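The values are calculated or read from the model by the stated rules, or taken from the named source; none is laboratory data. Note that this is a predicted model, so its numbers are computed, not measured. As a convention, Cβ positions derive from the backbone with ideal geometry for all residues, glycine included, and neighbour counts pool all protein chains shown. These accessible areas exclude ligands, DNA and RNA; they are computed on the full protein's heavy atoms, side chains included. Shrake-Rupley method; radii C 1.70, N 1.55, O 1.52, S 1.80 Å.
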Amino acid sequence: MRNAVGREIPEEILRETGKQAFAGTYALDGYEYKKAAPRVRALCDPKREKLVGSIREALEKCGLKDGMTLSFHHHFREGDYVVNMVMEEVHRLGVKGITVCASSLGKANDAIVPYIEDGTITGIQSSGVRGRIGEAISAGRLQTLAIMRSHGGRVRAIETGEVHIDIAFIGAPTADEYGNLRANGGKSDCGVLSYAMADAEYADHVVAVTDCLVPFPNIPASISMVNVDYVCVVDAIGNPEKIATGAAKPTTDVRKLMMADYCTKFVMNTPYFKEGFSYQTGVGGASIASTISLGKIMEERGIHMGLGLGGITTPMCELLAKGLIRKLVDTQDFDMGAIESIKSNPNHVEISASEYANPFNKGAYVNKLDFVILASLEVDVDFNCNVVVGSDGVITGAQGGHPDTAAGAKCTIVLTPLLQGRIPAVCSSVTTVTTPGETVDVVITEYGIAINPKRQDLIECMKDVELPFCTIEELRDKAYAIAGEPDPVQFGDRAVGVIEARDGTVIDVVRQIREYEFQDRRGE
Amino acid sequence: MEIKKTAVAGTLESSDAQVTVEPGSDGIELLVESSVIHQYGRRIREVVLETLERLGVKNARVAVLDKGALDCTLKARVECAVYRSNGMNENLPWGGVIR
């Protein structure tokens, strides 16, 4: 059937997954359900210890068997060692049919691809996948449908019981022998453990993996001992150089600076830009440049941000340190500056992924956003965004908080260059819909700015503002005039993945990639 | 024009294309590899064949390794490779002068 963003969702996909087709971003507002609950093995006897000698021992004590679901977080980003270390041991034990339910998977996890091919891993549920795992899924090598969920959607799926985690492995920069886990200190500092909190509360078995055992009690803890069954000390849980980089140098790319200026000018001319406004931005060069230029305006006008949200970078922490932000609320740290800030600034606060973005709790932070500044691989003339599947049809990105923040914010701005190499970022129809156009208000490119016609209020308040406004169709036409109109990707028939909307409905389906064939053979 | 010897133009940088021409005897034998093959493979081949035709190249083995070059870049790289195969290095008839 055709869903609310006009995508054809095959009946057999809905049957196979038991999911509904996407019916609109707020269609399930007020939905009632009873939360799932984990099995708990009580620890009454103070003589019983939680320390185990190896990952293998942890797996055995948790009763690992075929068909289980194992979960992981991605706070170590491109420096993660935990996923590979655990899956290697699972493989050695000869266990098959494992579903990996991770908050995200990246190039650091390329090493698990052979386990997809040999049937150790048959399911993947993640915010997205980059690198070779994405290529393997797109090539049809995973036995079941990969499920891509936003950060908020993942927590929803765990809390409703849509996914049940048998064993959660939580990499922790510091842990005590009773399983109080902190994100700060140790060798593999990652700032926060937000994405692992739901896993700790809802998994039947919880194993902490650390490379820095500290004296009891390790508090205040991001994850409490009351939810942790075992603690395993290993040599290294991650590569610190890849977990957090130094602060990105402010971009000198004039295109990005121009987009950042457009963005700041747009933001300051909306009615939401006033004392106490709330704001989230990403890590792209243009986003960071727009945070810096917005900071100058805030300083000039004496306007303070009441809430800064999301994945945090150094420029946001600098605004906090200057007193221009009242509370910085954090689910992920992208650089060393952010990690240092959360250690030292009491107004920089760690929250859970549920508090951040879960659409099925009683209200998440994203709902309180005035602005979110996002990037996108593609955006189409219906303002639908694609952040997961590359224009070549291969899964190569992650939903992250994109659909969550877009749904929550009063003003969702997508910043993108008109062309990414030859590929038009503004197109007639995105390869895959990950964020519905009804939640995207403005697209800013270096060639012009398009406001979603649904937002007549924003169009009205920009009518005397000197910015290069145009329609989204005009942006697309400019892109096609430069690069040529792209042919659609030649997909196979088989579905390899499902893009879940944040409420768990199917917003799009990802198909197996086919090797490119020229349609006529002239000249070959 | 005739392809007299093997010649190369262009680079493998993003948004460029590397074009290699070699003498051939049986029409145009064209190989296209591209980072944007799905979206622009058809167009790349059209542009390369049109450019060769315009230059009067009838027989050649041509390989295009494309990294997302625009049409204008592709045309320039094909022209340059053909000129080089003819030992032309100065006063080049750029930009479609030869029709």
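Data for the structure
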read-out	value
Phi-based couplings in Hz for segment A:208-221 (Karplus 6.51, -1.76, 1.60; Gly and Pro marked x)	8, 10, 9, 10, 8, 7, 10, x, 6, x, 8, 10, x, 8
Mean separation of Cα contacts under 8 Å (6+ apart) over length of chain A, as relative contact order %	16 percent
Positive-pole candidate from A:232, A:133, A:214, dipole of segment A:49-243, charges at beta carbon	A:133
Tail beyond 29 Å, pair distance distribution of segment A:1-155 (Cα, percent)	30 percent
Span per principal axis, largest first, for the Cα atoms of segment A:254-483 (Å)	51, 40, 34
For chain A, size of Cβ-based charge dipole, Lys and Arg +1, Asp and Glu -1, in debye	640 debye
At R0 = 25 Å, FRET efficiency that the Cβ-Cβ distance of residue A:482 and residue B:11 yields, to 0.05	0.75
Cα-based shape type of segment A:414-524, given that a ≥ b ≥ c are square roots of the gyration tensor eigenvalues and the cut on a/c is 1.5	oblate
Over 18 Å between alpha carbons, listed pairs A:296/A:322; A:187/A:242; A:35/A:368; A:296/A:368	A:35/A:368; A:296/A:368
Long-range Cα-Cα pairs in segment A:342-466 (distance over 27 Å), rounded percent	25 percent
Between 0 and 90°, nearest 10: helix A:472-483 axis offset from chain A longest Cα axis	90 degrees
Dipole axis of the protein assembly as shown (+1 Lys, Arg; -1 Asp, Glu on Cβ), positive-most option in B:80, A:413, B:10	A:413
Sparsely packed GluC sites (Glu not before Pro) within segment A:1-64, loop by DSSP, other Cβ within 10 Å at most 16	A:32, A:49
Drop in accessible area of at least 40 Å² in the complex versus isolated chain, residues of segment B:49-74, 1.4 Å probe	B:49, B:70
Computed E for residue A:117/residue B:86 - FRET, C-beta separation, R0 51 angstrom, nearest 0.05	0.55
Degrees, to the nearest 10: A:82-92 long Cα axis against longest axis of chain A	50 degrees
Translational diffusion of segment A:49-243, µm² s⁻¹ [Kirkwood Rh, Cα pairs; Stokes-Einstein; 4 °C; 1.567 mPa s]	80 µm²/s
Of all DSSP beta bridges in segment A:254-483, antiparallel share, percent nearest 5	25 percent
Nearest-20 debye value, segment A:254-483 charge dipole, Cβ charges on Lys, Arg, Asp, Glu	300 debye
Shape category assigned to the protein assembly as shown from the gyration tensor of Cα positions, a/c cut at 1.5	prolate
0 to 90° range, to nearest 10: angle between helix A:151-160 axis and chain A longest Cα axis	50 degrees
Overall Cα dimensions of segment A:123-172, principal axis frame, Å, largest first	31, 26, 20
Inter-centroid distance (Cα atoms) of segment A:109-136 relative to segment B:10-33, Å	35 Å
Lysines whose Cα lies under 26 Å from that of residue A:96, excluding same-chain neighbours fewer than 8 positions away	A:19, A:61, A:65, A:107
Shape call, segment A:143-264: gyration tensor on alpha carbons, a/c limit 1.5	oblate
Share antiparallel - DSSP beta bridges, the protein assembly as shown, percent rounded to 5	35 percent
When segment B:7-85 is reduced to its Cα atoms, the Kirkwood hydrodynamic radius in Å	12.0 Å
Chain B - share of DSSP beta bridges that are antiparallel (%, nearest 5)	60 percent
